[in-house]
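Enquirer: This is the structure I want to talk about, given as structure tokens.
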Amino acid sequence: MTVAELDKWTERMFRGLARRTSRRNMFTLIGGAVTGAAAIPLLPVARASASTNSYGLTPETTGNVQDPGDPTTCEYWRYCAIDGFLCSCCGGTVNACPPGTEMSPITWIGTCHNPADNRNYIISYNDCCGKSSCGRCVCNRNEGDRPVVRPQSNNDIDWCLGTASSVYNCSTAVLIGVALGQDK
């Protein structure tokens, strides 16, 4: 088949297609194909094989059997009294602020139960300040939250005081030590 014959054959094929279909029909077919292709990742098979959590992050563990859980989810045991964005989703870790932010020296505390050793631990919740809010992995758990008359136990206060910038970015959950009593 020569180039001229191929050109004529292609022209006849497309002219015949144009005679049999309307523009609206063609747009309907193209739109259906695009929508169908976009829906393929939503199929249960694709979701079951994905190894990410609800925030689109790869699940992590601390690597320590005494510190179980995924620090990028709100269900992590240290987050029993946290309120804010998790630094472990924002470029930091459960203990450290993301680059470009500084940890506030003013903190609120909570007592959380570790399911690995069945003990309660004192957790210091420090806000990381200096950049605008991370916006990922928001977590608001109020276990043991106290009214504002006890500010050291209240998680609703902006704790970015005592830093160069009072702009809130995210919150950490630093383990301080073992709680003496077993009450939460």
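The values are calculated or read from the model by the stated rules, or taken from the named source; none is laboratory data. Model, not experiment: these values are computed from the prediction. Positions of Cβ are generated from backbone atoms using ideal geometry, with glycine treated the same way; all protein chains shown enter the neighbour counts. Calculation scope for accessible area: heavy atoms of the full protein, side chains included, ligands and nucleic acids excluded. Shrake-Rupley method; radii C 1.70, N 1.55, O 1.52, S 1.80 Å.
Enquirer: Do any helices (runs of 4 or more DSSP H) entirely within segment 1-83 hold 2 or more residues that are over 26 Å from Ile176 (Cβ atoms), out of contact with any Cys (no Cβ under 6 Å at 6 or more places or on another chain) and at pLDDT 80 or above, and if so, which?
Expert: 3-20, 23-39
Enquirer: Assuming Gly91 fulfils every condition listed in (1) more than 22 Å from Leu180 (Cα to Cα); (2) of a type in the set (Gly, Ala, Ser); (3) not in a loop (DSSP other than H, G, I, E, B) apart from one, which condition is it?
Expert: (3) is the only condition that Gly91 fails.
Enquirer: Taking Asp127 as the residue in question, decide whether it is among the charged types (D, E, K, R) and at pLDDT below 90.
Expert: In short, no.
Enquirer: If Asn114 satisfies every condition in (1) open to solvent by less than 30 Å² (accessible area, probe 1.4 Å); (2) closer than 13 Å to Ser171 by Cα; (3) not aromatic (Phe, Trp, Tyr) but one, which is the exception?
Expert: For Asn114, the exception is condition (2).
Enquirer: If you take the residues in segment 84-107 that are of a type in the set (S, T, N, Q) and farther than 24 Å from Arg119 by Cβ, which one is modelled with the highest pLDDT?
Expert: By that ranking, first place goes to Thr101.
Let's see how each residue does on (1) free of Cβ contacts under 8 Å to residues at least 24 places away in the same chain; (2) in contact with a His (Cβ under 9 Å, 6 or more places away or on another chain):
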| site | (1), (2) |
| --- | --- |
| Arg78 | no, no |
| Gly92 | no, no |
| Pro99 | yes, no |
| Ile106 | no, no |
| Thr111 | no, no |
| Asn114 | no, no |
| Tyr121 | no, yes |
| Asn126 | no, no |
